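Undergrad: Attaching a single structure in structure tokens format; questions to follow.
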Amino acid sequence: MSDGNRPTVMVTGGAGYIGSHAVLALADAGWRVVVVDNLVTGFRWAVDPRASFVEGAIEDAALIGRVIAEHDVGAILHFAGSVVVPESVVDPLKYYRNNTVATRSLLESAVIGGVRHFIFSSTAATYGIPETVPIREDAPKAPINPYGASKLMTEWMLADVAAAHPINYGALRYFNVAGADPAGRSGQSTAGATHLIKVAAEAVTGVRDHVAIFGNDYNTLDGTGVRDYIHVSDLADAHVHALEALIANPGDNLTLNCGYGRGYSVIEVLDAVDRVTNRPIERRLLPRRAGDPDALVADNSAILARLPWRPKRADLDLIVTDALRWQQHLVERDAQA
Ligand code: UDP
């Protein structure tokens, strides 16, 4: 291991939205980082220059074995995968390949290479439609789409692998991730956005002319869907804290919700966007989207108890402001191209 007890950290998917913010958080905290990304949905420019970069697939065992050995990798933060829920419904085998099978291979490479710590991007989609909100980690896991199932299967693999081999893991179950690096170094850049705050940011910058509200007859205060939006930089920080905890307590694993424990409706989110820009965007009421639960809000008492992590940007207007700043940057960049 390099730097005393500080191993080099491999970040898979480090050219993607959340992974690139994790690289920033790690590098800002002084960690040595090597990114592995196949650049199918990620961007080379999104990888912080302080990190090494290897273009390749996580299921390429020869490549991953080489990277682990050459960079003296002691921990893996695994973000690479497919993330579009509706796509997982029409192409489930892509999700079981990219999220489950590929992770099996990466885990095997980790075990063979002697990697001691593994942090996995899991999701609130593992809960499906919750019986009670806020959701605790021990709530029933009943995913309602292949995306959630593909991630839950990986959680099962992690538990079995950690019981059998000298490796511990963190499974971080993300709620709704939004916003962008406050310093403007990265943000959500993938084309074909479907997530509410990104879609709203595109409407503000004229990339689209309206925002759809998918249903207003949900069992919530104003009838629109309620979600727990977490700022991507706070989420990235949670990974750094989880890594430190796994290193400090090699016998312990962590399965933690990542959210603020506060829900906002679609209308509240759109009101925040209008407030921040001082200019209303057009809203159109559409039918419900298939498979959308009424409300998904994290019970985050476990992460607050287990890690010294404390949210720094738990404010909807801040999340929206950072998302808009990044969207503006993308529009200006594309105008110059
Ligand atoms: N939503 C919406 N219009 C959009 C995108 C999303 O009304 O253009 C709603 C969606 O029905 C859900 C909430 O916003 O209630 C968050 O959806 P998103 O796709 O951002 O994340 P999800 O919770 O589905 O992962």
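The values are calculated or read from the model by the stated rules, or taken from the named source; none is laboratory data. None of these values were measured; they are calculated from a predicted model. Neighbour counts run over all protein chains shown; Cβ positions are idealised from the backbone, glycine included. The accessibility values were calculated without ligands, DNA or RNA, using every heavy atom of the protein model including side chains. Shrake-Rupley method; radii C 1.70, N 1.55, O 1.52, S 1.80 Å.
Undergrad: Is it the case that some residue within the range 191-207 is within 23 Å of Gly13 (Cβ to Cβ), part of a loop (DSSP other than H, G, I, E, B) and in contact with a strand residue (DSSP E or B) (Cβ under 6 Å, 6 or more places away or on another chain)?
TA: no
Undergrad: Go through the range 192-237 and count every residue that is closer than 14 Å to Arg284 by Cα and of a type in the set (Asp, Glu).
TA: Result for the range 192-237: 1.
Undergrad: Any residue that is under 23 Å from the mean Cα position of the chain (by Cα) and not in a helix (DSSP H, G or I) - is there at least one of those in the range 238-245?
TA: no
Undergrad: Can you run down the residue pairs with Cβ atoms below 8 Å, 6 or more apart or on separate chains, where the first is in the range 165-183 and part of a strand (DSSP E or B) and the partner is open to solvent by less than 10 Å² (accessible area, probe 1.4 Å) and of a type in the set (Asp, Glu)?
TA: As it stands, the answer is Asn176/Asp228, since those pairs meet every condition given.
Each row is one residue, and each column tells you yes or no for (1) within 15 Å of the ligand (Cβ to nearest atom); (2) at pLDDT 95 or above; (3) on the phi > 0 side of the Ramachandran plot.
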residue	(1), (2), (3)
Val111	no, yes, no
Ser122	yes, yes, no
Asp138	no, yes, no
Met157	no, yes, no
Ala163	no, yes, no
Ala171	no, yes, no
Asn176	yes, yes, no
Ala183	no, yes, no
Gly192	yes, no, yes
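Undergrad: List, please: which pairs have Cβ atoms under 7 Å, are six or more places apart or on different chains, and start with a residue in the range 189-200 that is touching a residue at least 12 places away in the same chain (Cβ under 8 Å) and end with one that is open to solvent by 20 Å² or more (accessible area, probe 1.4 Å) and within 8 Å of the ligand (Cβ to nearest atom)?
TA: Leu196/Val266
Undergrad: Also, quick follow-up: Please enumerate the residues belonging to the range 94-133 that are of a type in the set (A, V, I, L, M), out of contact with any Lys or Arg (no Cβ under 6 Å at 6 or more places or on another chain) and closer than 19 Å to Ala22 by Cβ.
TA: Hits for the range 94-133 are Ala102, Leu106, Leu107, Ala110, Val115, Ile119.
Undergrad: I'm checking my understanding of the structure. Among residues of the range 288-298 that are of a type outside the set (Lys, Arg) and within 17 Å of Asp222 (Cβ to Cβ), which one is farthest from the ligand (Cβ to nearest atom)?
TA: By that ranking, first place goes to Val297.
Undergrad: So, in the range 209-236, how many residues would count as being within 30 Å of Ala25 (Cβ to Cβ), more than 9 Å from the ligand (Cβ to nearest atom) and of a type in the set (A, V, I, L, M)?
TA: 4
Undergrad: Show me the helices (runs of 4 or more DSSP H) found entirely inside the range 246-337 where at least 2 residues are farther than 22 Å from Arg136 by Cα.
TA: It comes to 266-277, 316-336.
Undergrad: Of all residues in the range 276-290, count the ones that are at positive phi and in contact with a Gly (Cβ under 9 Å, 6 or more places away or on another chain).
TA: So the count comes out to 0.
Undergrad: Now for a different question. Is it the case, given these coordinates, that Leu270 is within 10 Å of the ligand (Cβ to nearest atom) and open to solvent by less than 50 Å² (accessible area, probe 1.4 Å)?
TA: yes
Undergrad: Separate question: Checking the condition part of a loop (DSSP other than H, G, I, E, B) and over 23 Å from Ser233 (Cα atoms), which residue from Ala80, Ala62, Ala69, Ala57 passes?
TA: From the options Ala80, Ala62, Ala69, Ala57, the qualifying one is Ala57.
Residue by residue, here is whether (1) open to solvent by less than 60 Å² (accessible area, probe 1.4 Å); (2) small (Gly, Ala, Ser); (3) under 26 Å from Ala149 (Cβ atoms); (4) away from the ligand (no atom under 16 Å from the Cβ) holds:
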residue	(1), (2), (3), (4)
Asp28	no, no, no, yes
Val35	yes, no, no, yes
Thr41	no, no, yes, yes
Ala75	yes, yes, no, yes
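Undergrad: In the range 316-337, which residues are open to solvent by 40 Å² or more (accessible area, probe 1.4 Å) and in contact (Cβ under 8 Å) with a residue 12 or more places away in the chain?
TA: Matches in the range 316-337: Asp317, Leu318, Thr321, Arg325, Gln328, His329, Val331.
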